[in-house]
Amino acid sequence: MKLPDGPKTPHWLQKVQYITDPLGYLDSAYQRYGDICTLPMTRGKDKELMVLISNPQGIQEIFSTDPEKLDSGGDAPKLPFLGEQSLIALSGERHKRHRKLLTPPFHGERMQAYGQLIRDITEQVTSQWTIDKPFSMRSSTQRISFQVILKAVFGLEDGPRYQEIDRLLTMKLEGRKSIFRALLLFFPMLQKDWGPLSPWGRLMQNERNIDKLIYAEIAERRDNFDPSRTDILSLMITARDEQGQPMTDVELRDELITLLVAGHETTATSLAWAFYWIHHQPEVREKVLQELDVLGDNYDPMEIFKLPYLDAVCKETLRIYPIAIVPFQRRVKSPLQIMGYQFEAGIFLVPCIYLTHHRQDLYPEPKQFKPERFLERQFSPSEYLPFGGGNRRCLGMAFAQFEMKLVLATILSQWELGLADSKPVKPVRRGFLMAPSDGVRMVVKGKRPQNQRVLETSSSSA
Ligand code: HEM
């Protein structure tokens, strides 16, 4: 089997580069080897090979290959914290079953049920802002997306259990920021429980406390079942597979944690980037406001979903610095051909979201933030893929897009904000994701006057 060419520097050095400067590492691999190249990777103790593809035809072939031949999950090393019944860890029939059970609650039309909740949470978090005091936008968006998941997905209501889950999960998720935690994730040999004083031991104890509370919530919800509830846990409890079987408590627990981990930081980071670009390029903010002001105050949240310029801004935000630079790594299970290469079982084939989004032929001036490109042409799912694709495409895609737009609309129409710093913000690694280097420091200049909307709308239409 002749594999595509790739860098020859020592394996460990490439790993260090990929952890510390992922975009620089990928850019130089692309410049040297083009849109298909072979890179080394480590999974647990094994050294394996990954073929990275940023060619839309090749990506289309990957996304449409039968998961029996090429898929992630299943034989992947255990993902810490998510659990063995997590959608991300499953493959084959079990993955298909969970996707079927979980897809209806995430259908685009269902999002309507969460519109008011998202707006209320956004207003509650932003009411804590202080005029003229710089703050980290990512901390605010993280607080919003976290509460949205606890309330819309877990269906938790304010009270002692909510507060305790909030506290423990915040501790769990905050730790993910550190470079030390990134090392713990990348080097499984560091994952040893030497009691509550060791970093891994502390994490494990926290996990056990969280689980106790989640199982208590599931039990209570089953005992006092209320069919009128619209939160995702309630919908998951009522879902039945083709054999008429419901999800077990362990499956529910693992999927709740999966949705929290997959959905909270991704959305929060995307929002922080969107605020950065909107304020870094004032003409973008003006155009967004023009669109929002036409709707007035009492808009239907679904109308926000359809605004073309806001949609283009969100798309461009996820294009220029995709939160996940690669989706899940797909392992070849039986021999197959892609882009003229023959691949045997065991090789990983990975579409590269970041490099595809930076192809000059698809996105001229790729390093420039230009929402207009999404108004001028449509991109296929293998040309634009911030949510991955195929059988693994992000389950929360509609939810994330809806939340992004609604949070942006709520904040931008009510607040005058500015960037606290004029220097450009750079993307840096945070665990598996890419995030703005300083969390996007902003300042609140004041409340946006109610009548400004009317004035702006009438002057722009004059
Ligand atoms: C802007 C925000 C988000 C981005 C950029 C994002 C991106 C992604 C990506 C790239 C994948 C991997 C897809 C693949 O391998 O092909 C993924 C998977 C997934 N995402 Fe998201 N995501 C976001 C928000 C959410 C939200 C809000 C939820 C749920 C509440 C969610 C739940 C999931 C789940 C469950 C999977 C695993 C799907 C599977 O294995 O079948 N994501 N996401």
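The values are calculated or read from the model by the stated rules, or taken from the named source; none is laboratory data. Everything numeric here is computed off the predicted structure, so don't read it as measured data. Note that each Cβ is placed from the backbone with ideal geometry, even for glycine, and that neighbours are counted across all protein chains shown.
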Would you be able to say whether some residue in the stretch 289-310 is at pLDDT 95 or above, within 16 Å of the ligand (Cβ to nearest atom) and of a type outside the set (Ser, Thr, Tyr)?
yes
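For the stretch 422-431, which residues satisfy the criterion of being touching a residue at least 60 places away in the same chain (Cβ under 8 Å) and surrounded by 14 or more Cβ atoms within 10 Å (Cβ to Cβ)?
Val425, Pro427, Arg429, Arg430, Gly431
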Applying the selection to the stretch 299-312, what residues are free of Cβ contacts under 8 Å to residues at least 60 places away in the same chain and assigned to a helix (DSSP H, G or I)?
Glu303
Please give the strands (runs of 3 or more DSSP E) falling wholly within the stretch 341-430 in which 1 or more residues are outside the structural domain of Ala152 (by TED's automatic domain parsing).
341-343, 348-351
Inspect all residues belonging to the stretch 266-274 and state whether any of them is within 29 Å of Arg99 (Cα to Cα) and surrounded by fewer than 18 Cβ atoms within 10 Å (Cβ to Cβ).
no
Against the definition (more than 13 Å from the ligand (Cβ to nearest atom), basic (Lys, Arg) and either modelled with pLDDT under 95 or not assigned by TED's automatic domain parsing to the domain that holds Ser413 (or both)), how does Lys333 come out, yes or no?
yes
Can you tell me which of Phe369, Phe374 is within 16 Å of the ligand (Cβ to nearest atom), of a type outside the set (Val, Ile, Thr) and buried (at least 19 other Cβ atoms within 10 Å of the Cβ)?
Phe374
Residues in the stretch 355-373: is at least one in contact with a strand residue (DSSP E or B) (Cβ under 6 Å, 6 or more places away or on another chain) and not small (Gly, Ala, Ser)?
no
Hits in the stretch 381-418 - residues which are away from the ligand (no atom under 15 Å from the Cβ) and of a type outside the set (Phe, Trp, Tyr):
Ala409, Thr410, Ile411, Leu412, Ser413, Gln414, Glu416, Leu417, Gly418
Please state which one of Ala435, Ala400 is buried (at least 16 other Cβ atoms within 10 Å of the Cβ), among the small types (Gly, Ala, Ser) and modelled with pLDDT of 95 or more.
Ala400
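Answer with yes or no whether Thr238 is within 15 Å of the ligand (Cβ to nearest atom) and modelled with pLDDT of 90 or more. If you could, list the steps in order and put the result at the bottom.
Numbers: within 15 Å of the ligand (Cβ to nearest atom): no; modelled with pLDDT of 90 or more: yes.
No; evaluated as a whole, the condition is false for this residue.
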Would you say Gly263 is at positive phi and in the same structural domain as Gly418 (by TED's automatic domain parsing)?
no
Checking Arg110, Arg138, Arg143, Arg99 in turn, the sole residue that is within 20 Å of Asn391 (Cα to Cα) and either outside the structural domain of Val332 (by TED's automatic domain parsing) or part of a helix (DSSP H, G or I) (or both) turns out to be Arg99
Quick check on my filter: what residues within the stretch 105-145 are surrounded by fewer than 13 Cβ atoms within 10 Å (Cβ to Cβ) and within 15 Å of the ligand (Cβ to nearest atom)?
His107
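The rows are residues; the columns are (1) surrounded by fewer than 15 Cβ atoms within 10 Å (Cβ to Cβ); (2) more than 24 Å from Pro436 (Cα to Cα); (3) among the basic types (Lys, Arg); (4) touching a Gly at 6+ places or on another chain (Cβ under 6 Å).
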| position | (1), (2), (3), (4) |
| --- | --- |
| Leu3 | no, yes, no, no |
| Thr9 | yes, yes, no, no |
| Ala29 | no, no, no, no |
| Met41 | no, yes, no, no |
| Ser54 | no, no, no, no |
Test result for Thr65, within 15 Å of the ligand (Cβ to nearest atom), modelled with pLDDT of 90 or more and loosely packed, with under 15 Cβ neighbours inside 10 Å
no
Complete set of residues in the stretch 209-261 that are more than 20 Å from Thr170 (Cβ to Cβ), of a type in the set (S, T, N, Q) and in a helix (DSSP H, G or I)
Ser234, Thr238
For the stretch 121-135, indicate whether the set of residues that are outside the structural domain of Gln329 (by TED's automatic domain parsing), under 30 Å from Gly390 (Cβ atoms) and of a type in the set (Phe, Trp, Tyr) is non-empty.
no
Given (1) near the ligand (Cβ under 10 Å from one of its atoms); (2) within 19 Å of Ile214 (Cβ to Cβ), number of the condition Val250 does not satisfy:
(1)
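Being touching a Gly at 6+ places or on another chain (Cβ under 8 Å) and either closer than 25 Å to Thr126 by Cβ or touching a residue at least 40 places away in the same chain (Cβ under 8 Å) (or both) narrows it down to one of Leu419, Leu375, Leu406, so name that one.
Of Leu419, Leu375, Leu406, the one residue that is touching a Gly at 6+ places or on another chain (Cβ under 8 Å) and either closer than 25 Å to Thr126 by Cβ or touching a residue at least 40 places away in the same chain (Cβ under 8 Å) (or both) is Leu406.
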